[in-house]
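The values are calculated or read from the model by the stated rules, or taken from the named source; none is laboratory data. Because the structure is predicted, anything quoted here is derived from the model rather than measured. Cβ placement follows ideal geometry from the backbone for every residue including glycine, while neighbour counts extend to all protein chains displayed. Only protein heavy atoms, including side chains, enter the accessible area calculation; ligands, DNA and RNA are left aside. Shrake-Rupley method; radii C 1.70, N 1.55, O 1.52, S 1.80 Å.
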Amino acid sequence: DARVRARTVSPRLPKLEAIHTLLMESAQEHLAPRGFVSSDEMRWSERFRIGTLKQPFADGEHRLSLGTYLDRKRGHHGVFADLSSVHQHVAAALREAYTPAERAAMSTYAEQFIPVRLPMHAWAGSHALITEVQEGIDRFDWLGHRRQVVLISDADEIPYAIHTLMRLLDRDLLPMLSDLETPAGIARLKCRTPLRSAPANFGEHDRAILVSAELAKLPNLPALCEEMLQWLQHGKPQLYLGDRLMHAFIESVKARTRGA
């Protein structure tokens, strides 16, 4: 049994590629009425497959990443979804928030498409398949600690897992799309005070928070700057280069706020 588990998840489960193909086909059928179309973007390894559906809007594009992964240690597959939105006006301002040296070090992809991320990290449900997975998924995706995925441990569960994922998209993620199409909408989601109350991906290095708040002229921008400065400096006897660059950016935003 141990040798079998070392080679494959379970003889009852199809291969990773087969499950991911079914996931993408189901997602395209389910999301086509919402204007999502398939793209050629694909990331893969022995342990995961991630495909992308896109939905354009007036000044940008939503990119919905749908993934299937394999956790050999725990003996199951899983499916998950993440959303990143590119608002061109916000992306241009965010690009300018980086120093020339930082921009020079960016890849062409990162330079042209700086996204605002809103991962699905707050799913809820009573079914045993809906289980938070951290150790098995964060090895290839840094959002692992903020995500709940739908697990598959038997072939009979595959249709239910995919149906559950589509239902959670409808309930928790797609209603937020309109907010991600304007700086003011992004600010409502990402720029709450305190920041830990925001239902979005955030961190002390997330310049999109301050860029969106500044574009939307939020009155709580100084409070956001102060909170991010506290995070940046907490428990650090000295700041490394990335921290110092972020510190300088926050201070520049504060200075512009005082000047206004």
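Worth a mention:
- Residue count for segment 146-176, restricted to those that are assigned to a helix (DSSP H, G or I), among the small types (Gly, Ala, Ser) and open to solvent by 10 Å² or more (accessible area, probe 1.4 Å): 1
- The set of residues from segment 161-187 being charged (D, E, K, R) and without any contact (Cβ under 8 Å) to a residue 12 or more places away in the chain comprises ARG167, ASP170, ARG171, ASP179.
- Filter result for MET120 (out of contact with any strand residue (DSSP E or B) (no Cβ under 9 Å at 6 or more places or on another chain), at pLDDT below 85, of a type in the set (A, V, I, L, M, F, W, C) and over 21 Å from THR21 (Cβ atoms)): no
- Verdict on LEU210 being modelled with pLDDT of 65 or more, within 16 Å of the chain's Cα centre (by Cα) and not hydroxyl-bearing (Ser, Thr, Tyr): no
- Going through (1) small (Gly, Ala, Ser); (2) at pLDDT below 90; (3) surrounded by fewer than 20 Cβ atoms within 10 Å (Cβ to Cβ); (4) under 13 Å from LEU165 (Cα atoms) one by one, SER84 falls short only on (4).
- Here is the figure for segment 182-198: residues that are β-branched (Val, Ile, Thr) and open to solvent by less than 10 Å² (accessible area, probe 1.4 Å) total 1.
- Hits in segment 216-241 - residues which are open to solvent by less than 40 Å² (accessible area, probe 1.4 Å) and part of a helix (DSSP H, G or I): LEU221, LEU224, CYS225, GLU227, MET228, LEU229, LEU232
- Failed item, numbered, when ASP179 is tested on (1) touching a Lys or Arg at 6+ places or on another chain (Cβ under 8 Å); (2) surrounded by fewer than 17 Cβ atoms within 10 Å (Cβ to Cβ): (2)
- Members of segment 1-32 found to be at pLDDT 95 or above, touching a helix residue (DSSP H, G or I) at 6+ places or on another chain (Cβ under 6 Å) and either over 22 Å from LEU168 (Cβ atoms) or among the small types (Gly, Ala, Ser) (or both), listed by number: SER26
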